[in-house]
1. So how do 63, 1, 106 rank on accessible area, 1.4 Å probe, biggest first, that is with the largest at the start?
2. Order the following by accessible area, largest value first: 122, 86. Probe radius 1.4 Å; ligands, DNA and RNA are ignored.
3. Roughly how many nanometres apart are two label points built 7 Å out from the Cα toward the Cβ at residue 100 and residue 204?
4. Does the stretch 46-93 come out rounded, prolate or oblate by the C-alpha gyration tensor, with a ≥ b ≥ c the root eigenvalues, rounded set by a/c under 1.5 and, if not, prolate when a/b is larger than b/c and oblate if not?
5. In the full protein assembly as shown, how much of residue 36 is accessible to a 1.4 Å probe, in Å² to the nearest 10?
6. Quote the accessible area belonging to residue 69 in square angstrom, nearest 10, computed with a 1.4 Å probe and with ligands, DNA and RNA left uncounted.
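The values are calculated or read from the model by the stated rules, or taken from the named source; none is laboratory data. Every value quoted in this text rests on a predicted model; they were computed, and no experiment measured them. When we count neighbours, we look across all protein chains shown, and the Cβ atoms used for this are built from the backbone with ideal geometry, even at glycine. In case anyone asks, the SASA skips ligands and DNA or RNA and just uses the protein heavy atoms, side chains included. Shrake-Rupley method; radii C 1.70, N 1.55, O 1.52, S 1.80 Å.
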Amino acid sequence: MTSNFDFLKRNDKELFKIINDAEELYRSEFFEQCMTQTRRFGEVVCKNVLGSRRTTEVSFDAMLATLKDCTLGSSEEAKEFVEDLYFLKKHGNEATHSITVKQDGMEALECLQRAFEVAINYCVYSCNEDRRILKLRYDIDLLVTGKKSRKKLSEKYTEAKEKTAKKSTSKTTKPKPQYCSVKSQSQKPKKPYFWYFVGIASLISAVLLIIMAII
């Protein structure tokens, strides 16, 4: 099964086995055991990076303190490397010694992602691996399914954005058009009473004129 940490095989097979087990524990939903395994991974990486500079340090905490002193004034990458190791130690310890079982999948996922960054920096700056692996990103689909996603991150983002837009559109109810039918009343033509009056008056006047002429 393909792993996010395949690049690690070329540099340290033992480290790869440790972190590959962590991913398998995550797939089986053993989240706390996964975090404990990432802590183990971080401790071995720390020991390897210190190398001959490690003297009396035995515990992970003591080795981290020495590594932190060695990286003072170094690049941001070195500082982030140490911070990621501290993160793995802290959450790994909490998962190991916790009385209650939290089964926090998101926390375990972040531990794997931090371990991924640690592995990349370890390979590049301690094992002289090709710097192109710095562009690698942790693939959650690969973690869950064991298969690489054929879609790029930009494509996933576009799809998620379109789905969100469709949901918001479907929830918004469109206002129904208001139909108001107004029937125009047909206006009946008004009777020309005025002209009737004028006509009758004219007729009476004519009759009177005729009578007066006869008399």
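1. 1, 106, 63
2. Sorted by accessible area, descending: 86, 122.
3. Output for this residue pair reads 11.0 nm.
4. Details: a/c = 2.10, a/b = 1.04, b/c = 2.01.
The shape class here is oblate.
5. 50
6. Here the residue's solvent-accessible area equals roughly 100 Å².
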